[in-house]
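Each remark here refers to the structure printed beneath this line.
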Protein chains: 2
Amino acid sequence: MKLEEAQQQFIASWGAFGSHWGINRTMAQIHALLMISADPLSQDDIMEKLSISRGNVNMNIRDLIDWGLVSRIIIPGERKEFFSAEKDIWKVATQIVKERKKRELDPMLRLFDQLEEVEGDKKDKNIKQFTETVSNIRKFGLQADKMLEMMIKADENWFLGNLLKMFK
Amino acid sequence: MKLEEAQQQFIASWGAFGSHWGINRTMAQIHALLMISADPLSQDDIMEKLSISRGNVNMNIRDLIDWGLVSRIIIPGERKEFFSAEKDIWKVATQIVKERKKRELDPMLRLFDQLEEVEGDKKDKNIKQFTETVSNIRKFGLQADKMLEMMIKADENWFLGNLLKMFK
DNA sequence: TTGAATTTTCAAAAATAAGTGAAAGTAAAT
DNA sequence: ATTTACTTTCACTTATTTTTGAAAATTCAA
């Protein structure tokens, strides 16, 4: 397979993947493009390579920066800004985990703390089913939270090494 | 907090959560409703409780069944069909992992196998960056795949016990 | 069979999300 | 201070996804 074609496929596939995970397709594509680019790219480069508008590039780049996945690069002598993606996939993964945990899991767990304290007769089957469900999901969430927290802080080799041991 | 209100909040929150993960809000809400219902519900029950149309309920219920998260219940003497959700959160989680792995991770890994074999001068920095990125993501994906595979097959207590040990 | 109850389908409508491009904003260079 | 190069914003357009509801299909009981 030729490089050009492979690159296109990689970008398309990363974009499709992202869109299944609540990330907009273009944002994932820009991320993909930057990950496989040896040098930082400018907004114009990205517009051209992905055939998208300036406004679109600008907005999605900003989001990627918010997510901590892309950084602005100043190249001395150049007037333009350039952008470059974190290329260490472990760092990418932990960064995404960290953000999603903060934005989604943590608030949900806080809500569930409250929901467990529903008032009423604990023997009523509706109350029982509700508190049981919430409590079980909450326990599961706390475990997940602990594991993700650890992953965020961990060193890649330590983490993968341990997992491997566990699954041997 | 009153049961009614807590239920509403749970359903809303589960729906919002789902929509960040590529699952449509209504589908997640129906799932939430069924998880906290002590008894199986009919299509009409769901329509009424969530104020949505018959067609919508029907389609999303079918999807939930496809995902293995909900099952049809026949109640003797009743003409209608009833529906009930898996309530063991561990089973829910592994079922979701299993399906998403099959639909998303596995095809991506198959694609990456091909992409790594891009033709051309291995010293060209563009080719180098491309193959390196793809190869690293692929390795990471294979690890994740292994871990998820194990999780799918594992018993909850064994899995969580081991994780706990690992993180102690 | 017939027909009432129930489920399923699907074209059209509504809602939501994403993308555009021109205008406004900034900041370096002259 | 003004021009020029570049970045950001946002009202509007376009594309995508979700929902509706009525018609068609199915199921079951008499």
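The values are calculated or read from the model by the stated rules, or taken from the named source; none is laboratory data. Just so it is clear, the structure is predicted and the values come from calculations on it, not from any experiment. Here Cβ is always computed from backbone atoms with ideal geometry, including for glycine, and neighbour counts include all displayed protein chains. These area figures cover heavy atoms from the full protein model, side chains too; ligands, DNA and RNA do not enter into them. Shrake-Rupley method; radii C 1.70, N 1.55, O 1.52, S 1.80 Å.
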Notebook entry, point to check: Of all residues in region A:57-79, how many are near DNA strand D (Cβ under 8 Å from one of its atoms), over 22 Å from the mean Cα position of the chain (by Cα) and open to solvent by less than 100 Å² (accessible area, probe 1.4 Å)?
Noted result: 1
Margin query: B:Glu104 - would you say it is at pLDDT below 95, open to solvent by less than 50 Å² (accessible area, probe 1.4 Å) and within 11 Å of chain A (Cβ to nearest Cβ)?
Written below: yes
Item checked: region B:27-38: number of residues that are open to solvent by 20 Å² or more (accessible area, probe 1.4 Å) and more than 12 Å from chain A (Cβ to nearest Cβ) -> 1
Note to self: Take A:Asn157 and tell me if it is within 9 Å of another protein chain (Cβ to nearest Cβ) and either at pLDDT below 95 or assigned to a helix (DSSP H, G or I) (or both).
What the structure shows: no
Margin query: Exactly one condition in (1) open to solvent by 50 Å² or more (accessible area, probe 1.4 Å); (2) within 16 Å of DNA strand C (Cβ to nearest atom) is false for A:Phe82; which is it?
Written below: (1)
Next item on the list: Being more than 16 Å from DNA strand D (Cβ to nearest atom), closer than 21 Å to B:Phe140 by Cα, within 19 Å of the chain's Cα centre (by Cα) and open to solvent by less than 20 Å² (accessible area, probe 1.4 Å) narrows it down to one of A:Val92, A:Val97, so name that one.
Entry: A:Val92
Checklist line | In region B:39-56, residue nearest to DNA strand C (Cβ to nearest atom) [restricted to those that are surrounded by 15 or more Cβ atoms within 10 Å (Cβ to Cβ) and over 28 Å from B:Arg103 (Cβ atoms)] | finding: B:Ser42
Next item on the list: Being within 9 Å of chain B (Cβ to nearest Cβ), under 14 Å from A:Leu50 (Cα atoms) and surrounded by 15 or more Cβ atoms within 10 Å (Cβ to Cβ) is the filter here, so list the residues in region A:1-26 that pass it.
Entry: A:Gln7, A:Gln9, A:Phe10, A:Ser13, A:Trp14
